[in-house]
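Where a number appears in this text, it was derived from the coordinates with a stated rule and is not lab data. Every value quoted in this text rests on a predicted model; they were computed, and no experiment measured them. Cβ coordinates were reconstructed from backbone atoms using ideal geometry, including for glycine residues, and neighbour counts include every protein chain displayed.
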Amino acid sequence: MKETGGVILKGGALAADELEQINRYTRRPFQEEELYTFSVALCDNEIDRDWERFTVGALHQLSSLFLGKTGIFNHNPQTQNQAARIYDCRVEPIPGRKTRAGEGYHRLVAKAYLPCSEKNADLILELESGIKKEVSVGCAVAKAVCSICGADRRKKDCGHKKGESYGEAVCCTVLDEPTDAYEWSFVAVPAQREAGVLKQYGERRNRNLEDILKSLDGEGELVLDFEERSALRREVQRLWEEAACGRQYREDLEKSVVRLCSVAEPGFPVQAMQRAAESMSLEDLKAFEKAFRGKAEQSLPLAPQLAGAQKKESPAENRAFQI
Ligand SMILES: [Zn+2]
């Protein structure tokens with residue numbers, strides 16, 4: 001799921017064939033004077049604030065996915081029935097402008113309509129006056145790869161850091177193969193705010209692991225960005241590895257207790273000791289190991305295990321390296 005922001009460009013008069021395009025989506029044929037239309041730049045191929053960018057191919061695929069999608073005013077319950085619908089969507093190259101990645105700049109521009117009804121009057125006024133300048137759009141992409149090495153960002157952490165430069169190139173995540181486009185929503189922004197991309201989830205947060213774990217206790221939906229997911233995955237991986245070491249240590253201790261018991265208390269049933277060792281706490285295992293070892297050493301001196309293997313004569317080919 002990719003959340004991105006767009007900018008409402010302008011309202012405008014209808015071209016001849018646009019009424020026909022719109023009427024494909026309406027229940028009854030509308031006349032031009034019944035409709036308000038405007039354009040929205042939904043997204044582009046520039047590297048965004050999350051150090052992600054769409055390919056130009058992805059923008060082309062999105063242009064068909066966004067057709068017919070409604071834009072809603074979901075932040076205000078009183079206006080929840082109001083919706084604009086995209087009836088035309090295309091990729092616009094902007095000649096002469098390059099992206100940070102060095103590609104020609106392209107943006108995805110949609111045209112949307114809403115009926116000029118009484119209940120839409122305030123909204124149309126806001127759109128006209130520029131108060132509602134931005135939209136938030138969401139889509140799903142199948143591919144998210146590192147711009148430096150092409151590694152699939154969802155499967156592994158290749159080590160390249162988003163936003164850092166590697167030679168001439170700045171590292172970002174390249175989004176491709178969009179699979180779905182979702183509803184879009186209007187974002188009311190103060191008129192003086194600089195028009196631009198607005199992310200639904202705000203600025204990069206740079207939460208550390210402790211903050212991420214704290215946020216797990218909160219209610220409602222939790223959104224983790226790529227860095228946060230990587231940090232969490234690394235931590236879980238580290239804990240798994242440590243847990244494996246811990247399990248190995250315990251297993252060795254249990255075996256040692258059973259072995260020493262058979263030396264210290266030869267009459268004691270081995271299987272009973274095995275069952276007892278399996279259910280003991282680590283502290284008890286250590287205490288039993290110490291006690292049995294003391295007793296076993298009295299009855300026969302225990303050779304240290306490492307002394308068991310006699311050092312073998314070095315093979316001839318290694319002798320040349322011996323001093
Ligand atoms: Zn990489």
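The lysine pair tally for the range 207-299, using Cα distances under 20 Å and a gap of 8 or more places or different chains, is 4. Remark: for residue pairs Lys2/Lys143; Lys2/Lys162; Lys69/Lys111; Lys98/Lys156; Lys2/Lys156; Lys133/Lys162, the C-alpha separation exceeds 21 Å in Lys98/Lys156; Lys133/Lys162. Backbone geometry of the range 209-215 corresponds, through the Karplus equation with coefficients 6.51, -1.76 and 1.60 at θ = phi - 60°, to 3J(HN,Hα) couplings of 4, 4, 5, 4, 5, 4, 5 Hz, x marking Gly and Pro. Summarising the label geometry, the points placed 7 Å from Cα in the beta-carbon direction at Glu103 and Lys295 lie 7.4 nm from one another.
For Glu52, the residues whose amide H sits under 5 Å from its own are Thr173, ignoring neighbours fewer than 5 places away on the same chain, with H placed 1.01 Å from N. Extending 7 Å from Cα along the Cβ direction at Ala272 and again at Glu34 yields two label points whose distance is 9.3 nm. Between Asn23 and Lys143, the FRET efficiency from the beta-carbon distance, with R0 = 45 Å, is close to 0.80.
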